[in-house]
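K.L.:
Got a structure for you, questions after.
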Amino acid sequence: MSKLLFLSLRTGEIGPDVARAEYHDALTAAGMDEVGMELRIIDSADAAVGPLTGVDGVIVGGSSLNVTNAETDAGYDDYQRHVHALLADLVESGVPVFFVCFGLSWLVHYCGGAVGRDRPEDSGPTQVRPIEAGRLDPLLAGSPEEFTALTGHTENPQGVPEGLELLAEGPDGLVQMVRYGEHVWATQFHAEMDADAMRTRMDFYYDYGYFPAEEYARIVADLPNHDVAYANGLVRAFAQYCAAQAR
């Protein structure tokens with residue numbers, strides 16, 4: 001049986017609860033149970049990813065961290081420097097990796113690209129359009145011309161640097177999905193979340209700036225109106241890719 005690892009980058013008082021919630025979301029989207037996907041949490045500057053022996057792929061959840069917290073690595077606190085170093089080791093490990101949200105900003109930063117706060121997206125639905133390169137990608141093969149996904153972020157890539165391949169765009173060319181090498185992917189949108197998951201995450205981060213507080217009720221009421229099955233299916237496609245690679 002294929003074995004996946006869900007790596008949570010959550011810390012602080014609500015960190016354990018958020019980690020469990022996003023792990024549950026990933027299990028649901030991948031169509032797996034806790035036997036097939038293990039949860040590990042990076043909750044301090046001392047936490048380790050642990051051994052990857054027998055791990056066929058890693059899903060890295062979102063984070064309240066921002067690449068734009070500092071202009072240079074020297075400006076980050078110990079925890080964020082530690083997270084950056086662990087992620088660098090992970091993407092060079094040879095194990096397939098699927099990042100969501102923060103991981104896209106981090107991957108762009110890792111490859112020498114710029115990240116800013118000029119094009120944030122409030123919590124809620126967005127449209128994703130695979131480009132020609134995306135239609136040749138193992139995860140996006142057979143994708144529709146456009147699909148709906150749920151997102152919410154305060155920072156965004158300002159273009160795609162050398163070393164990354166753009167796979168899908170959002171409104172006005174916003175970077176929504178990239179690939180690094182053969183089998184490291186990152187999405188700006190939360191591929192693991194459906195309407196219930198988005199509501200739960202919004203409850204955790206009600207005052208973190210991901211959406212105007214006065215818009216909470218409207219956003220939550222509207223979420224079930226959007227079909228995000230294809231976006232969720234990317235997580236399952238990643239799990240299937242990892243299983244095929246492990247054979």
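Coordinate-derived values only; no laboratory data. Keep in mind that what you see is a predicted model, and the values were worked out from it rather than measured. Note: ideal-geometry Cβ built from the backbone for every residue, glycine included; neighbour counts use all protein chains shown.
K.L.:
Any chance you could list P(r) for the range 4-246, counting all Cα-Cα pairs in 5 angstrom bins from zero, rounded to whole %?
P.N.:
Over the range 4-246, the share of Cα pairs per 5 Å bin runs 1, 6, 15, 20, 22, 19, 12, 5, 1, 0 percent.
K.L.:
Here's a follow-up. Among Ile42, Ile14, Ile219, which comes first, second and so on when ranked by fewest other beta-carbon atoms within 10 Å?
P.N.:
Ile14, Ile219, Ile42
K.L.:
Using a Förster distance of 45 angstrom, determine the FRET efficiency expected from the C-beta separation of Tyr205 and Thr53, and round it to 0.05.
P.N.:
Rounded to the nearest 0.05, the efficiency is 0.85.
K.L.:
Counting other beta carbons within 10 Å of each residue's own, what order do Ser105, Ser93, Ser63 fall into, fewest first?
P.N.:
Least to most surrounded, the residues fall as Ser93, Ser63, Ser105.
K.L.:
Quick query: amide H of Gln176 versus all other amide H atoms, modeled in the peptide plane; which residues come in under 5 Å with a sequence gap of 5 or more or a different chain?
P.N.:
Amide H neighbours of Gln176, under 5 Å, 5+ apart: Ala168, Glu169, Gly170.
K.L.:
Which of Arg20, Arg179, Arg218 has the fewest other C-beta atoms within 10 Å, and how do the rest follow up to the most?
P.N.:
Arg218, Arg20, Arg179
K.L.:
Could you tell me the relative contact order of the range 4-246? Use alpha-carbon pairs under 8 Å, at least six residues apart, and round to a whole percent.
P.N.:
Worked out over the range 4-246, it gives 22 percent.
K.L.:
Next question. Under a GNM of the chain (C-alpha, springs under 10 Å), which listed residue has the highest mean-square fluctuation: Val67, Val55, Val175?
P.N.:
Result: Val55 has the largest fluctuation of those listed.
K.L.:
Rounded, prolate or oblate for the range 109-198? Axes are the square roots of the Cα gyration tensor eigenvalues, ordered a ≥ b ≥ c, and the cut-off for rounded is a/c under 1.5.
P.N.:
Cα axes put the range 109-198 in the oblate bin.
K.L.:
A further question on this structure: If the elastic network links every pair of Cα atoms under 10 Å, which of Pro161, Pro120, Pro171 fluctuates the most in the Gaussian network model of the chain?
P.N.:
Result for the chain, Cα springs under 10 Å: Pro171 fluctuates most.
K.L.:
Then there's this: If you plug each phi of the range 37-46 into the Karplus form 6.51 cos²θ - 1.76 cosθ + 1.60 with θ = phi - 60°, what whole-Hz ³J(HN,Hα) values come out, in order, with x for Gly and Pro?
P.N.:
The phi angles translate into 9, 9, 9, 10, 10, 9, 10, 7, 6, 10 Hz.
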